[in-house]
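A quick write-up on the structure given underneath.
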Amino acid sequence: MAEASASAEAEARSILERAAESSFPPLHAVHHLLSVGVCVRCILRLLGAYSSACSYASLTASVLHSFLEEHDDSMKGDSCPCLSMNDAYCSVCLGVLLPAFHRDEGLETPNGISHIDNISSMISQVVQREGYQVDEFSLEISLPPVIAANERAIRLYMKQKYVNENWFKDKMFPQQTISVKEALRLLIAPSLEKLTNAKHGNNSFRIRLAYTHGDASQKLHSLLPNEHSRKRKTDSRNGGDTSNEAHKRNSADGNNKQSSESDSFIYKTLEGIQDQEFCNVFQLPPEKVFKPCHLVISCLRSPIFLGGRYLKLSRNVSQSCWIIDDERMGEASVEEIVGENVRAICRGDSCKFHAAGREDIDVRMLGSGRPFLVEVLNVRSIPSETEVQQIEERINNSEKKYVRIRNLKLVGNEIWTMMREGEAEKQKQYTALIWTSRDLTEDDLHNISITKDMEIVQKTPIRVLHRRSPLERKRIIHWMEIEKVAGSSTYYLLHLCTQAGTYIKEFVHGDLGRTHPSIGAILGCRAEILQLDVTDVKMDFLQ
């Protein structure tokens, strides 16, 4: 054990030797940073000497102090306050780079070699508890703006103290220094990769570490100009104040967004304060803190999309869940049948159903089917090809043959845009069972069948006026064919291909003259539609 400890300390000293050779200012300035409560990692970070090697647990204040004593004769024999600050956290990063933190379960102040592995272990446990399957992840880190204010305060303090010394300009605080966020990411990522057996990078699975510090942030708020104080009070009256409920999953996204907007405003306010005003308002150097940040760990995967085509075989099934005055319309919906089967396999929080247009509840969707997408939110696992096939089979083999799907597959979110763009341009084919008030002659049938690319004008149908704007639309009937139903003289099957957005029912009966011309007007008799099927939706994807 003693041998391992000696080896770790030797490694830490090696890191400090390299840093001293490349970027350290005079050692008394480094010691001064240590004495005002800046942690070793923040010192190396601010001096441009931070690297992945800084993750060594042996890199402590006492090791740095010992190193400075050995190399700076002016320090020998003095009693140094920087070694009596064991209860204080870094006055810049508030202990984030120790890393120390507080969670609702209790205070976490890891010591020794396990301090970084400890936070990685906690993150890994959250991932496992939530049941995520992970092969790659990205780390999102949210820090309180007071850390940025503290860093600026340290910079200005050291500038006031050493600006007249020749070395200051070249050796103190280079322009390109690593941020606390990136430093923490470098600390945690390698350890987390080992624990989760997953790679860190830009990925749709995001692990979010949200640090807050109530006391320090409250003090920062009180020091900011009045304009921000008024903004904060307004936010509070509008529900911007956080509570324990803010940490619940069902409100986490909203609270994260609200916090992000508030922090963004604070950062902008800080940027707008000139150095002289900053020095007058804020304490230089920043005071030592004796409480760590509060940490909330959460995970989120970006939505995934499964697409295909659905066939609706029932005239009592709506496309989306349809409830009026707490009463369900129809026996089921395509949205529920497809969406819930997809969500269950992917183990997502919820799902959204998107389709290329819609049909009425009493209209069947036949032929090759209608293109659709299921957007699944925060899935725990991304389904394999076998699991996608299982979803399709489960729906198609269900006891109630309401809906069938085909060509189900994982797709990118660009398909959503393509579907929306193609929706207005697509053509749709229908078969309608119609009744006419008189027998149709061969000439009637011929006149309908030779119709090509006929323009009609449709006002918003009476049946949907309560929920649609009263507009006038021009639509194209590309072609029609009509055949008599065997054994009847007034029932016919009308096959037609139309521009997207055509109201077929109204095109048949005329909707009291609001659609012109209509089948009734063309034939010079009353025409009614009895049944309608969509037989094809002509779109070139999700075939």
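Fully extending the segment from Lys401 to His466 would add 20.1 nm, taking 0.36 nm per residue of separation and subtracting the current Cα-Cα distance.
Per-residue Karplus couplings for the stretch 159-168, computed as 6.51 cos²θ - 1.76 cosθ + 1.60 with θ equal to phi - 60°, are listed in order as 5, 4, 6, 10, 4, 8, 8, 4, 6, 4 Hz, Gly and Pro entered as x.
Potential lengthening of the chain between Ser51 and Glu455 amounts to 138.4 nm, from the contour at 0.36 nm per residue minus the alpha-carbon distance. Residue pairs exceeding 31 angstrom between C-alpha atoms, taken from Lys401/Lys452; Lys169/Lys291; Lys400/Lys474; Lys159/Lys199; Lys452/Lys505; Lys409/Lys505: Lys401/Lys452; Lys169/Lys291; Lys400/Lys474; Lys159/Lys199; Lys409/Lys505. Accessible surface area normalised per residue over the chain is 50 Å², counting heavy atoms of protein chains with a 1.4 Å rolling probe. Accessible surface for Lys426 stands near 10 Å², nearest 10, in the context of the full protein assembly shown (1.4 Å probe).
Take the convex hull of the alpha carbons in the stretch 303-424; its mean projected area over all directions comes to 7.6 nm².
Name the residue from Tyr503, Leu465, Leu530 whose Cα lies farthest towards the positive end of the charge dipole of the stretch 428-537, charges +1 on Cβ of Lys and Arg and -1 on Cβ of Asp and Glu. Positive-end residue among those listed: Leu465. Legend: residues Arg438, Arg475, Arg41, sorted from most to least accessible area (1.4 Å probe; ligands, DNA and RNA excluded), read Arg438, Arg475, Arg41. The apolar share of the surface of the chain, taken as the fraction of accessible area on carbon and sulfur atoms (1.4 Å probe, ligands and nucleic acids excluded), comes to 47 percent. Residue by residue, the stretch 26-33 carries 3J(HN,Hα) couplings of x, 5, 5, 6, 5, 4, 5, 4 Hz when phi is fed to the Karplus relation 6.51 cos²θ - 1.76 cosθ + 1.60 (θ = phi - 60°); x denotes Gly or Pro.
Grouping the Cα pair distances of the stretch 428-537 into 10 Å bins from zero gives a pair-distance distribution of 15, 50, 30, 5, 0 percent in increasing distance order.
Between Thr490 and Lys409, the distance separating the two model label sites (each 7 Å from Cα on the Cα→Cβ line) works out to 5.0 nm. Which is farthest toward the positive dipole end of the stretch 284-331 among Asn316, Pro303, Pro285, measuring Cα position about the Cα centre, with Cβ charges +1 (Lys, Arg) and -1 (Asp, Glu)? Of the options given, the answer is Pro285.
Computed over the chain, the convex hull of the alpha-carbon atoms projects to a mean area of 34.9 nm².
Only the Cβ atoms of Lys and Arg (+1) and of Asp and Glu (-1) were treated as charged; on that basis the dipole of the chain about its Cα centre amounts to roughly 1020 debye. The mean sequence distance of close C-alpha pairs (under 8 Å, at least 6 residues apart), as a share of the length of the stretch 303-424, puts its relative contact order at 39 percent. Once both labels are positioned 7 Å from their Cα atoms along Cα-to-Cβ, the gap between Lys194 and Asp360 label points is 6.7 nm.
The values are calculated or read from the model by the stated rules, or taken from the named source; none is laboratory data. Here the structure is a predicted model, which is why all the values come from computation and not from measurement. Reconstructed Cβ throughout: ideal geometry from the backbone, glycine too, with neighbour counts over all protein chains shown. Each accessible area value is taken on the protein alone, full model and side chains, heavy atoms only, with ligands, DNA and RNA left out. Shrake-Rupley method; radii C 1.70, N 1.55, O 1.52, S 1.80 Å.
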